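As structure tokens, the structure follows; a few thoughts come after it.
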2 protein chains.
Amino acid sequence: MTEIEKTLDNKSVRPTAMRILIYKFMAGKQNAVALTDIENAFEKAERTTLYRTLKTFEEKGIVHQIDDGTNISKFALCEPGCNCEIDQDLHLHFHCSQCDKTVCLTEHKIPHINLPAGYIAEDANLVIKGICDSCSDH
Amino acid sequence: MTEIEKTLDNKSVRPTAMRILIYKFMAGKQNAVALTDIENAFEKAERTTLYRTLKTFEEKGIVHQIDDGTNISKFALCEPGCNCEIDQDLHLHFHCSQCDKTVCLTEHKIPHINLPAGYIAEDANLVIKGICDSCSDH
DNA sequence: AGAGATCGTGCAACAGAAGTGCATTTAATG
DNA sequence: CATTAAATGCACTTCTGTTGCACGATCTCT
Ligand SMILES: [Mn+2]
Ligand SMILES: [Mn+2]
Ligand SMILES: [Zn+2]
Ligand SMILES: [Zn+2]
């Protein structure tokens, strides 16, 4: 049993061939991926399968969905120990307007925000747009 | 010349009948609206016209686009004196998971975020999800 | 190992939002 | 009024997300 198989198994997700492939693909990327990205990465990939795989992964806390403002859902693997299902890992995300890549900044948590009376916060999403470190010649 | 006509004129937008209607509609709402919301509000409304009107409004700084995480673009009138075109009015937005409405919290600015080396921030989007004041029985 | 249940995958089709091209109408300007 | 530019309406396309259903694979339990 490989590491990936163990990881999926731990999260009660049956490690099928396709799921392992998708997991590997995402693990090899530094940035968040869209459904279409995965679709294009594999010649023989069924959009529906990918869609449902990502949904399963998300429900089981293997990936988290990211809304980077492009109106296209992105996904990224959760860090080990991430508890984003229960909103305990609200890190921010960065979307580069040049290379169009979205990355997790897992070390940067979303600061606590005081809301007006009557408002109850349950989740938060903070996306910074700009130029990423790869695109800025630093 | 009405107030609305003056407002549009000040922003170099010709105050046509449709534009005035759309402006009035948005001004009467407390929450941000989607293209479809406007479409449904008027029996005789052409989606394309609304689409391009909102785009014009946005370019001229009359409305700002909001990404609330639903993957449906919302729009809200800019406050008087708002300079969101040049990213000077980065207030946060609240999306209610119960009534599905998105509102501007114009008094609550997005806090400054320190980014890793190489990252250059140009824009920011902070959306809090939860229960709004109307839906919570406060 | 075999029967039955459950889960995953593939195919087709649909819904909704966003966007474009072009013809026509409307408004501004002299 | 004639000319020109801007706004609108209509048709059509693309893309993402989503669901239904049938088939195949896998697990369980005897
Ligand atoms: Mn992330
Ligand atoms: Mn706003
Ligand atoms: Zn970049
Ligand atoms: Zn509400």
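The values are calculated or read from the model by the stated rules, or taken from the named source; none is laboratory data. Since the structure is predicted, the reported quantities are computational estimates derived from the model, not experimental observations. Cβ atoms come from the backbone with ideal geometry, glycine included; neighbour counts cover every protein chain shown. To get the accessible areas, we keep the full protein, side chains included, count just its heavy atoms, and leave off ligands, DNA and RNA. Shrake-Rupley method; radii C 1.70, N 1.55, O 1.52, S 1.80 Å.
Some observations on this one:
- Hits in segment B:41-92 (condition: assigned to a helix (DSSP H, G or I) and small (Gly, Ala, Ser)): B:ALA41
- The residue of segment A:1-30 that is nearest to A:GLU46 (Cα to Cα), among those that are assigned to a loop (DSSP other than H, G, I, E, B) and open to solvent by less than 60 Å² (accessible area, probe 1.4 Å), is A:THR16.
- Tally of residues being acidic (Asp, Glu) and either open to solvent by less than 40 Å² (accessible area, probe 1.4 Å) or not in a strand (DSSP E or B) (or both) across segment B:115-124: 0
- When the residues of segment B:46-72 are filtered to those that are on the phi > 0 side of the Ramachandran plot and within 14 Å of another protein chain (Cβ to nearest Cβ), the one that is farthest from DNA strand C (Cβ to nearest atom) is B:GLY69.
- Tally of residues being open to solvent by 50 Å² or more (accessible area, probe 1.4 Å), within 9 Å of chain A (Cβ to nearest Cβ) and either touching a residue at least 24 places away in the same chain (Cβ under 8 Å) or basic (Lys, Arg) (or both) across segment B:75-114: 1
- Near pairs, Cβ below 6 angstrom, 6+ apart or cross-chain, from segment A:34-45 (within 15 Å of A:THR102 (Cα to Cα)) to any residue that is part of a strand (DSSP E or B) and open to solvent by less than 50 Å² (accessible area, probe 1.4 Å): A:ALA34/A:LYS74
- Residues that are closer than 20 Å to B:ILE66 by Cβ and of a type in the set (Asp, Glu), drawn from segment A:103-138: A:GLU122, A:ASP123
- Selection status of A:GLU122, within 14 Å of chain B (Cβ to nearest Cβ) and under 20 Å from B:HIS93 (Cβ atoms): yes
- Members of segment A:31-40 found to be over 17 Å from the mean Cα position of the chain (by Cα) and open to solvent by less than 60 Å² (accessible area, probe 1.4 Å), listed by number: none
- Checking B:ILE66 against (1) β-branched (Val, Ile, Thr); (2) in contact with a His (Cβ under 6 Å, 6 or more places away or on another chain); (3) open to solvent by 20 Å² or more (accessible area, probe 1.4 Å), the condition it does not meet: (3)
- Extreme residue, nearest to the other protein chains (Cβ to nearest Cβ), among residues of segment A:125-138 that are closer than 21 Å to A:LEU77 by Cα and either assigned to a loop (DSSP other than H, G, I, E, B) or open to solvent by 50 Å² or more (accessible area, probe 1.4 Å) (or both): A:ASP133
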